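No value in this document is a laboratory result; all are computed from the given coordinates. Every value quoted in this text rests on a predicted model; they were computed, and no experiment measured them. Cβ: placed from backbone, ideal geometry, glycine included. Neighbour counts: every protein chain shown.
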């Protein structure tokens, strides 16, 4: 045994990788052969794992054996062709490879000086995506704005809300605490993501000061209602601070009228943040780009998650700002132990000042490998293909008198309900999820239960959606 048993030689690592690849390849290849939902019961996986760790090393073959026996039964197959639940969270093989390369490179990208490669590759990957998606030049590198990788869109909205809070209070909220937030108000549509409500509580604006703006008959934020709410708040001595417009709401994929919302925000001095976490990937396709980025040039910040539809493996969320200074001012702290000549010179980006955490993973590597190995054209074709699959389901179900769309199809997302009411819709949901081939989730729209069918798994083919449609119709 080595005198330094915590170490692994490159040769040992290569041998381990060779073993692990066997499990990886098998796992990737059997996505259509296993139940999409895990059928494990609460506590079942944990009961098979010892309560104390081993004191001596165990061979990798034993770990892989337990991976198959203990862990696999508790895995939900987000990669299955029948995965239509929530939204996709794709891990493209090229992104997996990038993640592995990043782990081996072993970088911590808090400062430029802690990893020039991590910092500058990230800056360039945000610029690659900005140009590929047609986002406005106000978000480009080298100007007042720019981009940064967050872990999730939830962190992005929190970081931007803190920046908006400090901009509205001239940084008093950061210096003095809660009392300085008195009177600040945030706004989002009734269909907005739960992370907006969570962020108001964390940053001190307060959950009671989040206004949920009514939506129109297609569940898009009503800009006139937003204007009236901001006017009422200002008349009452409150200050509109932050507004979230959503491009592709979680429930039904509604796309808020960003340009009209931006005009209201501008007239009341509120920060406009655009959440395109799921739908943003569709901007890679010229067929959908104008819809997705409409109004983006009027926003203060804009975010989407490559780890969803695009396949960049969880976690990876891209955030752009038209002016990064409010965010940096809110997040920057300069302890002596982080001081260095590059930072003091002012010619580099230190991404630690662009979000809440200090330490940062080398997330840009998987974007670099994915974009180079797969290419923007292929990703755009994937978007178009998935949208076409959703249209196929829509056509199949449209002929049935007992099924209806609860909202217009949005890209590759369908919201379906039974005309006989919630109990009948629930029976359909239960029937679909009881079949090992499929997974769907639900939401409520106008107070009624809806089945969400979100196409986007990398492995889904036309035959899969045909089978799904046939099964759903047979379950009626």
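Kindly provide the Kirkwood hydrodynamic radius of segment 63-202 in Å, to one decimal, from all pairs of distinct alpha carbon atoms.
19.3 Å
What's the center-to-center distance, using Cα atoms, between segment 250-329 and segment 73-148 in Å?
Cα centres, segment 250-329 to segment 73-148: 16 Å.
What ranking do 167-179, 98-110 get when scored by the average of other Cβ atoms within 10 Å per residue, highest first?
Result, highest mean first: 98-110, 167-179.
Compute the distance from the alpha-carbon center of segment 175-224 to that of segment 348-417, in whole Å.
25 Å
Evaluate 2.2 N^0.38 Å with N set to the residue count of segment 376-474, then give the Cα radius of gyration divided by it.
1.06
For Cα pairs less than 8 Å apart in space and 6+ apart in sequence, what is the mean separation divided by the residue count of segment 100-374, i.e. the relative contact order in percent?
27 percent
Suppose we keep just the DSSP beta bridges with both residues in the chain; what percent of those would be antiparallel, to 5?
If I count the DSSP bridges inside the chain, around 60 percent turn out antiparallel.
When the expected Rg is taken as 2.2 N^0.38 Å, what fraction or multiple of it is the alpha-carbon Rg of segment 1-101?
Compactness ratio reported: 1.29.
One-quarter of the Cα convex hull surface for segment 100-374, in nm²?
That works out to 14.2 nm².
Taking Rh as the Kirkwood radius computed over C-alpha pairs, what is the Stokes-Einstein D of the chain at 10 °C in a medium of viscosity 1.306 mPa s, expressed in µm² per second?
Estimated via Stokes-Einstein, D reaches 66 µm²/s.
In what sequence, highest mean first, do 218-228, 269-279, 401-411 appear when ranked by Cβ atoms within 10 angstrom?
Highest to lowest by the protection proxy: 269-279, 218-228, 401-411.
Antiparallel DSSP bridges in segment 100-374: what percent, to the nearest 5?
40 percent
May I ask you to derive the relative contact order of the chain, considering only C-alpha pairs under 8 Å and at least 6 residues apart, and to give it as an integer percent?
22 percent
Can you give the relative contact order of segment 376-474 as a percent, counting alpha carbon pairs under 8 Å and 6+ residues apart?
Across segment 376-474, relative contact order equals 29 percent.
Please report the antiparallel percentage of the DSSP beta bridges confined to segment 220-375, to the nearest 5.
The antiparallel proportion sits near 40 percent.
So if R0 is 30 Å, what FRET efficiency would residue 287 and residue 373 give, r being the distance between their Cβ atoms, rounded to the nearest 0.05?
0.80
Mean projection of the alpha-carbon convex hull of segment 271-423 over all orientations, in nm²?
The orientation-averaged projected area of the Cα hull of segment 271-423 comes to 13.1 nm².
Students often check this: by mean Cβ neighbours within 10 Å, which of 340-353, 311-324, 191-204 ranks highest, and how do the rest follow?
For the peptides 340-353, 311-324, 191-204, the packing ranking is 311-324, 191-204, 340-353.
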